[in-house]
Amino acid sequence: MQLTKIQKQIENNPWKTAITIRKNNQTIFENSNANMVFKSASLIKLGIALYIEEEKPDTIDNTLNLSSDDIVGGAGIINRLSIKSWQISDLLDLMLSVSDNTATNALLNYYNINTINDYLQQNFQNISLGRFLMKKSTKENTCTANSMMDVFEKLLAANNKVSHVVLNALKHQEVRNKLVAYSNPKYEVFNKTGELLHEQHDIARFKANADVIDCCVLTNYQSQKDYENILNMMQKIGKILTH
């Protein structure tokens, strides 16, 4: 792994990039933006999953009935299905594997969005869960690369019924066109992506035997050309980390 190559990827770009890389839970690389606050996009779903894993692990076999208020557009499949009754564990999987916004909002209603935000605020710096997904609000969901990495590592360190659902969902993440796109196949990968109109994010774990490499990249950009170049940058970072 050549960290100087990663430095070259992230410097002198027209977009903002925050990056933090940890190997076996120790920071080996971060840039000056690693504690800059970004809109979190769907990375906030990792925080929701962590709350369930840490605070409510005994509830994941419970059944939840969707209300019409839960159902929103954007990413996911539930909004196209007729099924209205779901097990919590299935909603958790869909929230992480296909970034299902309806599953996310149903969980935010079930566990209470303010309770989850309080948990995140008490345990992590610079993370805020301010709004439901795909709903207009004066509040926003925000994070930093380092705070989201803290959430991610804690989420993957647990060993209970919830963590097995989480690991399986992240291992089968649908969007794999960023950090894990061209990673060395000897590494098992777990990732969660996030995107908004001006944000492209990804966080990933690369695991091979005793080696565990975690990388979080957050970006804020303006033009479509930047969007394509950001994807290319992330793909190269993942390749550098694993070759």
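The values are calculated or read from the model by the stated rules, or taken from the named source; none is laboratory data. None of these values were measured; they are calculated from a predicted model. Methodologically, a virtual Cβ is constructed for each residue, glycine included, from the backbone with ideal geometry; neighbour enumeration extends over all protein chains shown. What goes into the accessible areas is simple: the full protein's heavy atoms, side chains included, and nothing from ligands, DNA or RNA. Shrake-Rupley method; radii C 1.70, N 1.55, O 1.52, S 1.80 Å.
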Choice from Asn209, Asn159, Asn126 with maximal GNM fluctuation in the chain (Cα, 10 Å cutoff): Asn209
Kirkwood Rh and Cα Rg combined as Rg over Rh, evaluated for the range 111-201: 0.98
Surface accessible to a 1.4 Å probe, Leu231 within the full protein complex, Å²: 30 Å²
Hull-based mean projected area of the range 159-243, where the convex hull spans the alpha carbons, in square nanometres: 5.8 nm²
Phi to ³J(HN,Hα) by Karplus 6.51 cos²θ - 1.76 cosθ + 1.60 over the range 152-158, Hz, x for Gly, Pro: 4, 5, 5, 4, 7, 8, 6
Exposure of Ser67 as accessible area (Å², to 10), given a probe of 1.4 Å and all protein chains: 50 Å²
Cα long-axis angle, helix 101-111 against the chain (0 to 90 degrees, to the nearest 10): 60 degrees
Heavy atoms of Glu195: accessible area, 1.4 Å probe, square angstrom to 10: 100 Å²
Per-residue ³J(HN,Hα) for the range 228-243, Karplus 6.51 cos²θ - 1.76 cosθ + 1.60, θ = phi - 60°, Hz, x for Gly and Pro: 5, 5, 5, 4, 4, 4, 5, 4, 5, 4, x, 5, 4, 5, 10, 10
Ranked order, Glu188, Glu174 - accessible area, probe 1.4 Å, largest first: Glu174, Glu188
Selected from Thr63, Ser99, Ile10, residue furthest toward positive end of dipole (the chain; charges at beta carbon): Ile10
Two-decimal ratio, the range 59-151, of alpha-carbon radius of gyration to 2.2 N^0.38 Å: 1.10
Per residue accessible area in Å² of the chain, where ligands, DNA and RNA are left out and the probe is 1.4 Å: 45 Å²
The range 1-102: chymotrypsin sites (Phe, Trp or Tyr not before Pro) in DSSP coil with no more than 12 other Cβ atoms inside 10 Å: none
Reported label for calculated volume of the Cα convex hull per residue in Å³ given (1) 193; (2) 118; (3) 132: (2)
